[in-house]
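Read through the structure below, which is laid out as structure tokens, and then see the notes.
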Amino acid sequence: MVLVAKRGVDLSKAVIFGAGNIGRGFIGQLFSESGYEVCFVDIDVELIDRLNNDWAYPLHLVSNHGQVQLVIAPVSAVHAGKVSQVVDVLRGCTLGATAVGVRALPHVAPVIANAVQQRLVGDIDLPLNLIICENRQNAGAYLRSLVYEHLSEEEKEYADRFLGLVDTVIGRMVPPLPEDLRVEEPTLIRAEPYKQLPVAKNMFRGTIPDVVSMQAEDNFEAFTAMKLFIHNAGHAALAYFGFLLGYQYGWEALENADIYTDVRGVMQESSEAISKKYHIDPVALDAYSQELIQRFQNKALGDTLFRLGRDPMRKLSPEDRLVGAARLVEEVGNIPRFLPKAIAAGYHFHHPQDEISLEVHGLINSLGIEGAIQKISGISPNETLGQWVLQAYNHQTMSF
């Protein structure tokens with residue numbers, strides 16, 4: 001990797017918006033191992049100062065088999081509020097990522113737009129590809145629409161040619177660090193060893209960069225469905241079934257044979273539907289589900305049911321992980337048996353630290369469970385799916 005002086009672009013540098021769990025815990029590792037010097041953009045002043053002082057950070061990959069300690073370097077960081085500096089960094093590279101959360105993308109968009117404008121003025125004819133690591137379907141297209149709000153027609157034409165906003169699905173689990181460890185080592189990140197990054201092949205501009213463990217896929221819609229309706233649905237089901245029986249951690253709940261069976265059933269129903277719709281080998285999907293269950297049993301991660309189940313308003317919405325999966329099962333002509341139980345369990349989930357879950361229970365109290373599932377999940381109590389959800393909810397109420 002060499003400096004292209006005449007264009008002002010350094011092919012050895014990559015930028016990541018967001019120095020949090022996914023930014024440092026996954027994408028930073030992949031970029032670094034691919035030979036890039038990584039510059040993070042964040043708002044945490046203490047973290048930024050430490051990264052700039054150390055030019056590195058520790059990443060511990062933990063599993064039930066032990067721990068691998070890595071040092072990710074070289075790295076640097078820029079405060080997101082120093083827009084001109086961020087634009088300079090973005091203007092001068094060809095690869096980057098966002099890992100800031102969907103709600104922060106409107107703040108990132110004008111910075112990207114500014115960099116596009118600077119690259120056009122500088123006659124830079126090299127692409128800038130950003131991998132959009134956000135928990136939203138069609139995140140790349142969404143971010144492009146936000147960026148284009150700040151561009152002229154000429155600048156949009158340039159961005160069409162040289163700005164790649166690439167969809168991905170993040171499979172690695174990176175729970176928040178316990179407070180005592182975070183205080184002891186502010187830059188430390190702990191994650192599972194899983195290391196695959198599928199990306200939408202057709203969304204890149206120019207040559208697809210060579211990034212460790214990145215897989216450019218043609219049938220990317222299937223990978224999105226797998227992440228949402230198998231991985232995320234399995235996690236949500238685990239959280240909600242586990243909460244009903246008073247467990248705290250995911251691995252702990254999975255040691256209960258009934259919960260294991262129900263979570264596995266949710267994932268199998270989704271797998272069979274995805275196999276039918278996207279023509280994927282059912283054996284491969286079943287293997288994927290089994291591997292996920294094993295990863296869910298990672299005690300070293302300390303993943304809590306609270307983290308997996310929080311914000312049930314979103315997780316029980318019509319197109320999200322559980323209801324969306326049930327609808328897909330219906331779409332391909334199958335009958336969901338386990339998914340209605342998981343949806344029902346989601347309506348029992350409430351936690352004092354999760355205001356959204358308390359809002360859900362407020363709706364149940366004011367509208368009744370029938371009105372709540374209609375409003376939140378778009379499920380009519382008169383349809384078959386609604387009847388199954390209500391039956392499971394009432395049964396769980398008696399057992400709760």
Q: With everything on Cα atoms, drop me the angle between helix 257-278 and the longest principal axis of the chain, reported from 0 to 90° to the nearest 10.
A: 60 degrees
Q) By how many nm would the segment from Ala284 to Gln387 grow when fully extended, if each residue of separation counts as 0.36 nm and the alpha-carbon distance is taken off? A) 33.8 nm
Q: About the Cα centre of region 221-399, how large is the charge dipole given +1 on each Lys and Arg Cβ and -1 on each Asp and Glu Cβ? Please answer in debye to the nearest 20.
A: 100 debye
Q) Using the scaling law 2.2 N^0.38 Å as the reference, what is the normalised Cα Rg of region 1-110? A) 1.08
Q. Computed from the mean reciprocal separation of all distinct C-alpha pairs, what Kirkwood hydrodynamic radius does region 338-377 have, in Å?
A. 10.3 Å
Q. If one computes the Cα centroid of region 40-57 and of region 261-296, what distance in Å separates the two points?
A. 39 Å
Q: Note down, for region 221-399, the three equivalent ellipsoid semi-axes (square root of 5 times each alpha carbon gyration tensor eigenvalue), biggest first, whole angstrom.
A: 24, 20, 13
Q) Helix 355-377 versus the longest principal axis of the chain: what is the Cα-based angle in degrees, 0 to 90, to the nearest 10? A) 60 degrees
(Q) At 0.36 nm per residue, and after removing the present C-alpha to C-alpha distance, how many nm does the segment from Asn138 to Lys82 gain when stretched out fully? (A) 17.3 nm
**Q.** Qualifying trypsin sites (Lys or Arg not before Pro) in region 113-149, DSSP loop, other Cβ atoms within 10 Å at most 16
**A.** Arg136
Q. Can you give the FRET efficiency for Val71 and Ser12, using 1/(1 + (r/R0)^6), R0 = 22 Å, r = Cβ-Cβ distance, to the nearest 0.05?
A. 0.75
**Q.** CD proxy at 222 nm, helix term only [per DSSP H run n ≥ 4: -39500 (n - 2.57); per residue of the chain; nearest 500]
**A.** -14500 deg cm²/dmol
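Which of the GluC sites (Glu not before Pro) across region 229-337 are loop residues per DSSP, with 14 or fewer other Cβ within 10 Å?
Here the sparse-neighbourhood loop sites are Glu255, Glu319.
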Q) Given the options Val75, Val116, Val83, which has the most mean-square fluctuation in a GNM of the chain, springs set between C-alpha atoms less than 10 angstrom apart? A) Val83
Q.
Could you work out the relative contact order of region 3-218? I mean the mean sequence separation of Cα pairs under 8 Å and 6+ apart, divided by the number of residues, in percent.
A. 23 percent
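Over region 118-175, what is the relative contact order in whole percent, taking alpha-carbon pairs under 8 Å and six or more residues apart?
So the answer I get is 54 percent.
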Q) Out of these labelled values of volume of the Cα convex hull per residue in Å³, (i) 132; (ii) 148; (iii) 122, which was calculated from the coordinates shown here? A) (ii)
Q) Just for region 30-176, what percent of DSSP beta bridges are antiparallel, to the closest 5? A) 35 percent
Q. To the nearest 10 degrees, how steeply does helix 233-244 sit against the main Cα axis of the chain, on a 0 to 90 scale?
A. 50 degrees
Q.
For Cα pairs less than 8 Å apart in space and 6+ apart in sequence, what is the mean separation divided by the residue count of the chain, i.e. the relative contact order in percent?
A. 13 percent
Q | Computed label-point distance, nm, for sites His150 and Arg337 using a 7 Å Cα→Cβ extension | A | 5.3 nm
Q | Beta bridges by DSSP in the chain, antiparallel share as percent, to the nearest 5 | A | 30 percent
Q) Hey, quick one: spin label on Glu157, modelled 7 Å out along Cα-Cβ, who in region 109-130 has an amide N within reach, i.e. under 18 Å? A) 116-126
Q: Springs between alpha-carbon atoms under 10 Å, Gaussian network over the chain: tell me which of Gly250, Gly333, Gly386 tops the mean-square fluctuations.
A: Gly333
(Q) How much length would be gained if the chain were fully extended between Asn202 and Asn64, taking 0.36 nm per residue of separation minus their Cα-Cα distance, in nm to one decimal? (A) 46.0 nm
**Q.** Hydrodynamic radius of region 3-218 per Kirkwood, over alpha carbon pairs, in Å
**A.** 17.4 Å
Q | Cα pair count fraction exceeding 20 Å, expressed as % - region 108-251 | A | 60 percent
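The numbers here are math on the coordinates, done by the rules we state, and not lab data. All figures in this text were calculated on a predicted structure; none of them were measured in a lab. Positions of Cβ are backbone-derived with ideal geometry, glycine not excepted, and every protein chain shown enters the neighbour counts.
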